[in-house]
Amino acid sequence: MTFTKLPKAISAEELLSTPLPPVKWIIPGLLPAGLALFAGPSKAGKSWLTLWLCLQIAQGNPVWNREIEPRTVIYFSLEDTFNRLQNRIFQLIDGGDAPERLILQTECLSIGQGLEEQVESLIHTYCDVGLIVIDTLQKVRVSDGNGGIYANDYKEAGALKNLADKYGICILLIHHLRKQSAADPFDQISGSTGLMGVADTSWVMQRKRMSQTADILLTGRDMDDRTLHLREENCIWTLEDEETAEEREIKAVPDYLWKAAKYIESVGNWQGTASELPYPSMWEKARQGLPNRRCRKQSRSFWSRKAKPRMGNRPCGSL
């Protein structure tokens with residue numbers, strides 16, 4: 001199929017009739033081309049995980065049950081030395097072959113001070129570059145004091161996004177989280193919302209200190225929100241489970257609500273108070289031992305309505 005390069009402005013009718021290339025995936029379903037942000041706590045294993053991903057992509061090895069097309073990877077490991085990188089690669093490949101398509105650098109220029117030209121030079125030097133990693137973002141930033149935090153974040157991230165879009169590659173920025181907690185995990189990303197606003201894809205790593213398990217929350221313009229549950233063994237993170245945002249929401253609904261909804265669905269049509277349900281013991285137990293405020297809110301919402309079944313994926317519209 002022949003793809004067409006579109007003009008700056010186009011009518012909706014012409015757009016819908018023009019064949020366009022599909023999304024280019026570096027890791028199918030998880031990491032598309034464009035600007036990506038991977039944030040996590042300090043010393044949580046982000047660099048180990050990132051280096052392993054680089055090795056897998058450069059070799060074309062599977063990543064978390066996904067087949068990978070081999071691509072050249074350029075890894076700016078700006079907080080490491082070549083000695084440390086050598087030791088880590090020896091440990092990660094465990095006697096295997098090191099890929100020629102993984103290019104390592106421990107120094108680079110800053111954004112707006114030569115980094116963009118350096119990246120373009122590397123893209124032209126090495127064939128089939130698919131992924132460029134900058135570890136960490138803070139190492140290539142320049143605080144000029146002009147404008148606010150949001151404006152600076154947006155400008156610097158925007159410069160790297162322009163490069164990614166121009167060459168159809170993924171630029172992955174490794175970043176840190178704030179220490180303050182937040183209801184939305186993505187609000188913990190250090191800096192302003194300008195960074196996430198520019199990024200096409202965002203990953204947030206959640207891991208307790210010294211724990212062998214971690215969660216990675218993903219969101220993006222070209223993908224469904226999902227969570228990866230990982231386990232670390234010998235510095236390699238393997239996938240234990242994966243769930244979408246919808247699956248996560250369903251799991252959060254207490255089991256007794258689903259039981260009540262199943263009963264209501266089975267009788268076809270029912271309305272009344274909670275005490276009139278044929279499961280008073282279940283309701284009393286739930287009322288006395290609700291695990292948290294969210295469950296209490298769900299329960300009040302569920303029982304305060306007149307339970308009438310409706311068509312759809314879920315047994316009751318109030319869930």
- Note on the structure: The residues Arg248, Arg207, sorted from fewest to most surrounding Cβ atoms within 10 Å, come out as Arg248, Arg207
- Using only alpha carbon pairs under 8 Å that are at least six residues apart, calculate the relative contact order of segment 1-137 and give it in whole percent. 24 percent
- Task: Show the residues, 5+ positions off or on another chain, whose built amide H is closer than 5 Å to the amide H of Ile236.
- Result: none
- Task: Kindly provide the trypsin sites (Lys or Arg not before Pro) of segment 22-84 that DSSP labels as loop, not H, G, I, E or B, and whose Cβ sees at most 11 other Cβ atoms within 10 Å.
- Result: Lys43
- Message: Quick query: amide H of Ile26 versus all other amide H atoms, modeled in the peptide plane; which residues come in under 5 Å with a sequence gap of 5 or more or a different chain?
- Response: Leu31, Ala33
- Query: What's the exposure ranking of Thr81, Thr219, going from fewest to most Cβ atoms within 10 Å?
  - Reply: Thr81, Thr219
- Taking r as the C-beta separation of Asn162 and Lys262 and R0 as 45 Å, the FRET efficiency to the nearest 0.05 is 0.30
- Message: As an exercise, use a Förster radius of 30 Å and the Cβ-Cβ distance of Ile236 and Gln105 to find the FRET efficiency, rounded to the nearest 0.05.
- Response: 0.80
- Please report, in whole Å, how far the alpha carbons of segment 157-219 spread along each principal axis, starting with the longest. 39, 24, 16
- Inter-centroid distance (Cα atoms) of segment 1-64 relative to segment 200-226, Å: 16 Å
- Query: When ranked by the protection proxy of mean other Cβ atoms within 10 Å per residue, highest first, what sequence do the peptides 129-138, 164-173 form?
  - Reply: 129-138, 164-173
- Message: With θ taken as phi - 60° and the coefficients 6.51, -1.76 and 1.60, list the Karplus ³J(HN,Hα) couplings across segment 262-271 in order, rounded to whole Hz; mark glycine and proline as x.
- Response: 5, 5, 4, 5, 5, 7, x, 7, 8, 8
- Item | Lys5-Tyr126 pseudo-label distance in nm [points 7 Å out on the Cα-to-Cβ vector] | 2.6 nm
- Note on the structure: Any residue on another chain or 5+ positions along whose placed amide H is under 5 Å from the amide H of Thr219 is listed here as Ser202
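Quick one: order Lys262, Lys8 by neighbouring beta-carbon count within 10 Å, fewest to most.
Going from sparsest to densest Cβ surroundings: Lys8, Lys262.
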- State, as an integer percentage, the relative contact order of segment 181-238 based on alpha-carbon contacts under 8 Å between residues 6 or more apart. 22 percent
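Since every read-out is calculated from the coordinates, none of them should be taken as a lab result. Values in this document were obtained by computation on a predicted structure and should not be read as measured data. Here Cβ is always computed from backbone atoms with ideal geometry, including for glycine, and neighbour counts include all displayed protein chains.
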